[in-house]
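Down below is the structure, laid out as structure tokens.
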Amino acid sequence: MEPQQKFSDSELLNRASIKKPFPFGIYVHWPFCLSKCPYCDFFSKVQKNAGQDDLIKQYLDDLDYYAEFTGHKTVTSIFFGGGTPSLLKPQNIEKILNTVARNWKLSSDIEISLEANPNTHTPTLFSELKQAGINRLSLGVQSLCDKELKFLGRTHTSAQALYALEEVCRLFDNASADLIYALPGQDEKKWQQNLERLLNFPLKHLSLYLLTIEEKTVFAKKGIKPMAEEQAAEFYQMATLTAADKGFGQYEVSNYAQPGFACRHNLLYWQGDDYLGIGQGAHGRLTLPEGIYAQTFPRILEKLTSVERAEELVLMGLRLTAGISKKQFRRCCGLDLDSFINRSALCELQKNRLLTETAHTLKATRQGFLLLNYLIEKLCS
């Protein structure tokens with residue numbers, strides 16, 4: 001069944017679209033977790049009592065270092081990710097935010113996000129995070145079924161998740177939650193009930209992730225097999241319909257928002273804008289007078305060719321329902337999208353109703369969203 005799009009792309013993005021011509025974000029990576037989830041392939045370390053003082057000093061020093069040549073930019077978003085950034089002491093978050101404010105101008109409507117787990121072990125943590133300056137909180141619920149949570153290696157229960165959702169929605173006007181679906185043997189009806197239960201909360205944003213078995217993860221080593229692609233596609237279509245019925249429009253392949261509440265920081269990645277990465281495991285993209293650079297820890301800048309950057313922009317931009325803006329593409333890499341992509345492949349993909357093109361944009365269709373890797377490979381060949 002084809003989901004009905006209830007919202008235009010402009011409605012979904014209108015609050016997230018920055019008035020200033022060149023948005024700039026800062027990503028802060030806290031790599032430590034209390035335990036490693038068996039599906040996770042992000043850079044993280046299991047360390048229950050990670051000392052923070054020395055690392056925070058390094059973070060502050062790195063911010064000062066990068067401000068020397070990016071300090072003219074206006075910061076429009078800050079995102080604390082991980083790992084488990086809710087393990088950071090609120091006073092250390094405040095130190096980071098104060099250092100950012102000292103080095104850069106902040107937009108008047110800056111978005112400051114943090115990812116948190118439901119079992120914080122600190123009853124007042126969510127309120128302390130808000131006091132520290134966080135104004136958007138993303139809760140890693142992943143499931144509201146205890147059996148599924150155990151399979152996913154999560155350390156919280158459904159009861160803890162429900163309590164955390166109540167607290168987060170009470171404290172934050174802009175609250176988001178994550179769910180993982182298409183688990184092996186998962187029942188579609190139970191998945192829909194799980195999603196509807198979550199949608200009873202006054203959230204502004206949802207991230208719904210298809211479970212994939214990545215190399216070198218615990219699941220891969222155990223030989224866990226993913227759900228069959230056709231069945232997973234049915235789960236995906238159903239999730240999109242259910243979210244739309246509750247007022248959430250899809251603006252990216254895995255992300256849904258109430259109109260105007262698309263995640264501003266993540267849009268930097270998908271739209272090709274600049275961002276700085278702080279902390280081990282973080283990376284950034286910086287446009288400097290000498291060219292475009294991939295920025296990684298520790299203080300490494302590697303110049304990208306226009307073609308390398310163009311390939312990244314295709315990879316990221318097709319994830320958006322709004323697709324790739326040809327004007328933005330040229331601004332971010334200096335190349336014309338029309339001449340960069342494989343035109344014969346594009347014609348074939350259009351005939352198969354996987355892509356649509358206008359004078360201003362190139363985007364995947366609903367069917368194309370299910371085959372993004374294939375589309376990107378064909379267009380960049």
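Taking the condition of a type in the set (F, W, Y) and farther than 18 Å from Y181 by Cα, does Y256 pass? Considered against the rule, which asks whether it is of a type in the set (F, W, Y) and farther than 18 Å from Y181 by Cα, Y256 comes out as no.
Under the condition of being touching a strand residue (DSSP E or B) at 6+ places or on another chain (Cβ under 6 Å) and in contact (Cβ under 8 Å) with a residue 24 or more places away in the chain, the residues counted in segment 302-324 number 8.
Is there a residue being surrounded by fewer than 19 Cβ atoms within 10 Å (Cβ to Cβ), more than 20 Å from S77 (Cα to Cα), out of contact with any helix residue (DSSP H, G or I) (no Cβ under 8 Å at 6 or more places or on another chain) and at pLDDT 90 or above anywhere in segment 201-218? So far as segment 201-218 goes, yes, one or more of its residues are surrounded by fewer than 19 Cβ atoms within 10 Å (Cβ to Cβ), more than 20 Å from S77 (Cα to Cα), out of contact with any helix residue (DSSP H, G or I) (no Cβ under 8 Å at 6 or more places or on another chain) and at pLDDT 90 or above. Considering only residues in segment 32-52 that are open to solvent by less than 30 Å² (accessible area, probe 1.4 Å) and of a type in the set (S, T, N, Q), the one that is modelled with the highest pLDDT turns out to be Q52.
In the condition set (1) assigned to a helix (DSSP H, G or I); (2) over 29 Å from L241 (Cβ atoms); (3) out of contact with any strand residue (DSSP E or B) (no Cβ under 6 Å at 6 or more places or on another chain); (4) not acidic (D, E), P298 is compliant with all but (1). Being open to solvent by 20 Å² or more (accessible area, probe 1.4 Å), among the polar types (S, T, N, Q) and closer than 14 Å to V253 by Cβ holds for only one residue in N352, N342, N373, and it is N373. When F248, F261 are checked against the criterion of being closer than 30 Å to G25 by Cα and open to solvent by 10 Å² or more (accessible area, probe 1.4 Å), a single residue qualifies: F261. For the residues Y293, Y269, the requirement of being part of a strand (DSSP E or B), modelled with pLDDT of 95 or more and of a type outside the set (A, V, I, L, M, F, W, C) singles out Y293. Within this structure, K130 passes the test of being part of a helix (DSSP H, G or I), in contact (Cβ under 8 Å) with a residue 24 or more places away in the chain and under 19 Å from L165 (Cα atoms). A residue that is touching a Phe, Trp or Tyr at 6+ places or on another chain (Cβ under 6 Å) and buried (at least 16 other Cβ atoms within 10 Å of the Cβ) can be found somewhere in segment 110-128. Residue count for segment 72-102 satisfying the condition of being within 25 Å of the chain's Cα centre (by Cα), under 22 Å from N266 (Cα atoms) and in a loop (DSSP other than H, G, I, E, B): 4. Entry remark, segment 270-314: residues being under 14 Å from F79 (Cα atoms) and in contact with a Lys or Arg (Cβ under 8 Å, 6 or more places away or on another chain) number 2 in total. Selection of segment 344-381 for residues being part of a helix (DSSP H, G or I), of a type in the set (D, E, K, R) and within 17 Å of E311 (Cα to Cα) yields E377, K378.
The values are calculated or read from the model by the stated rules, or taken from the named source; none is laboratory data. The structure presented is a predicted model; accordingly, all values stated were derived computationally and were not measured. So basically every Cβ, Gly included, is an ideal-geometry build from the backbone, and we count neighbours across all protein chains shown. These accessible areas exclude ligands, DNA and RNA; they are computed on the full protein's heavy atoms, side chains included. Shrake-Rupley method; radii C 1.70, N 1.55, O 1.52, S 1.80 Å.
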